[in-house]
1. Just to be sure I understand, how many residues within region 81-99 are outside any helix (DSSP H, G or I) and under 23 Å from the mean Cα position of the chain (by Cα)?
2. Tell me, please, whether a residue that is within 26 Å of residue 185 (Cβ to Cβ), polar (S, T, N, Q) and away from the ligand (no atom under 13 Å from the Cβ) can be found in region 58-68.
3. Can you name the residue in region 313-364 that is within 16 Å of the ligand (Cβ to nearest atom) and in a helix (DSSP H, G or I) and, of all such residues, is surrounded by the most Cβ atoms within 10 Å (Cβ to Cβ)?
4. Is it fair to say residue 400 is within 16 Å of the ligand (Cβ to nearest atom), out of contact with any Ser or Thr (no Cβ under 6 Å at 6 or more places or on another chain), among the aromatic types (Phe, Trp, Tyr) and within 20 Å of residue 193 (Cα to Cα)?
5. List pairs: first residue in region 13-28 and touching a residue at least 12 places away in the same chain (Cβ under 8 Å) and in a helix (DSSP H, G or I), second residue among the polar types (S, T, N, Q) and more than 6 Å from the ligand (Cβ to nearest atom) anywhere in the structure, Cβ distance under 7 angstrom, at least six positions apart or on different chains.
6. Give 247, 172 a once-over and let me know the one that is buried (at least 22 other Cβ atoms within 10 Å of the Cβ), farther than 25 Å from residue 376 by Cα and among the small types (Gly, Ala, Ser).
7. Can you pull out every residue in region 365-397 that is crowded, with 21+ Cβ neighbours inside 10 Å, of a type in the set (D, E, K, R) and part of a loop (DSSP other than H, G, I, E, B)?
8. Could you tell me whether residue 386 is of a type in the set (Phe, Trp, Tyr) and not assigned by TED's automatic domain parsing to the domain that holds residue 23?
Amino acid sequence: MTASHTDRHHDLIVVGGGPAGMFAAGFAARNGTKVLLLEKNRRCGVKILITGKGRCNVTNGEADPLRFVKHYGRNGKSLLTALYAFGVSDTVDFFEQRGLALQTERGGRIFPASGGASEVQKLLQHFVKDAGAELLTDCQVLQLVIENDKISAVETSRGTFTAERFILATGGLSYPETGCTGDGYLWAEQSGHQLVTPEAALMPIKLAEDWTNELLNFNLKNVRIRAFADGRQIGERFGEAFFTRAGIGGPIILDLSREIRDALHSNKVTLHLDLKPAVSEDLFDKRLQRELAEQSNKNFRNALGGLLPRDMIPRFISLSEIDPDKKCHSVTREERKTLLGLFKDLTLTVTGHEGMKKAIITSGGVSLKDVNMRTMRSKKVENLYFAGEMIDLDGPTGGFNLQVCWSTGYLAGISAAQDCSA
Ligand SMILES: Cc1cc2nc3c(=O)[nH]c(=O)nc-3n(C[C@H](O)[C@H](O)[C@H](O)COP(=O)(O)OP(=O)(O)OC[C@H]3O[C@@H](n4cnc5c(N)ncnc54)[C@H](O)[C@@H]3O)c2cc1C
């Protein structure tokens, strides 16, 4: 729709057409409220397209709200009202009733059964339209107009729009190319809200080891990774990881990245990989002895095929510093112990993290102290509401962050609509 065809006055303006903003706009409009959704990109939900590696992990099957909120740390309890209003089963019903079948996978992760993120994005756009909300894309909100402690209008790249009430759902700062440049944080601060410093969260980790780019995207399945800061263990995860050009990523690294980020002021932060967590060090040592004995006349370079994927063998040989042309029977006890250490305690040195450019989520944001989490309404500005990633609430990977958008987007939308008609 062009700006010239759009009414300049609405009951409710929603800023930001991500999952939270689309949900807020759609549910508000379904109640008969005259809603305008403003999105600066040419289409809504650009970030959705890259979620879940293009498959979009829409939510997580841990349905009990009391257990669900524990995944969000100390702020999790604040999400309870929104979850009771629109919980995991409502999310599943929402998509399935609109023709997108979902399936539950490992760790309770719920994905579209076929298709993926682009189906989710299209479905949400149809939802907004069918609900009767007006959508204006290519429309960047530049600032909020505040008069008498209330928002009266938004100034945009396509002129000024006025409304009775406003919802901000402009997301965080991560993956800025998707349109997330933290504009909402600035406006929230300007209108008197406290901001918990936004920081990158759920991001890949940079390592000192320069060989990781030889093993790009090589999947480390069922590994155990422990993180240490100055010799003290700060976290531990079990699951899947992979090497990246600059270091290491994958689900368990992303979930460890917050502890690592917070420990980076330490002198030394290290990761310790157990590639064979199902067997004890003793048992694995016996296995190594057996492998070497069974191949005693083979060169060491050909001895690791039963223990490691082929692509990883050259790097392991080089890390072990064992002469690859040495016969297996002459591998010494010390050399075998070094090898054992590589399998059970491969130590990598952390140099940093990949920051907002590669972070799945922004932690921090609008302080929950300034938001009534029963309605998502601001405690500072009477006609303003917040939804989605821009509030100080974030969870681990697994569909938990989109569920924040569905629950808070829904609650903000219906609360604002009710207040409009009051
Ligand atoms: C690579 C990646 C993979 C992910 N995978 C998953 C996953 O599988 N499951 C999961 O639960 N979470 C996932 N997430 C997190 C999830 O994408 C976010 O939690 C979610 O998109 C936040 O939604 P939002 O609506 O709050 O903000 P956003 O999706 O960031 O949307 C905000 C919108 O506001 C618009 N906007 C910003 N400023 C302005 C302005 N001034 N004027 C007008 N419009 C503006 C932006 O263009 C954007 O469209 C992933 C994130 C990334 C980066």
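The values are calculated or read from the model by the stated rules, or taken from the named source; none is laboratory data. Predicted model only: the values in this text are computed from it and were never measured. When we count neighbours, we look across all protein chains shown, and the Cβ atoms used for this are built from the backbone with ideal geometry, even at glycine.
1. Counting residues in region 81-99 that are outside any helix (DSSP H, G or I) and under 23 Å from the mean Cα position of the chain (by Cα) gives 2.
2. no
3. So the residue we want is 356.
4. no
5. Partner pairs satisfying both residue conditions: 20/408.
6. Working: 172 fails: farther than 25 Å from residue 376 by Cα.
Among 247, 172, only 247 is buried (at least 22 other Cβ atoms within 10 Å of the Cβ), farther than 25 Å from residue 376 by Cα and among the small types (Gly, Ala, Ser).
7. Within region 365-397, 392, 394 qualify.
8. No; evaluated as a whole, the condition is false for this residue.
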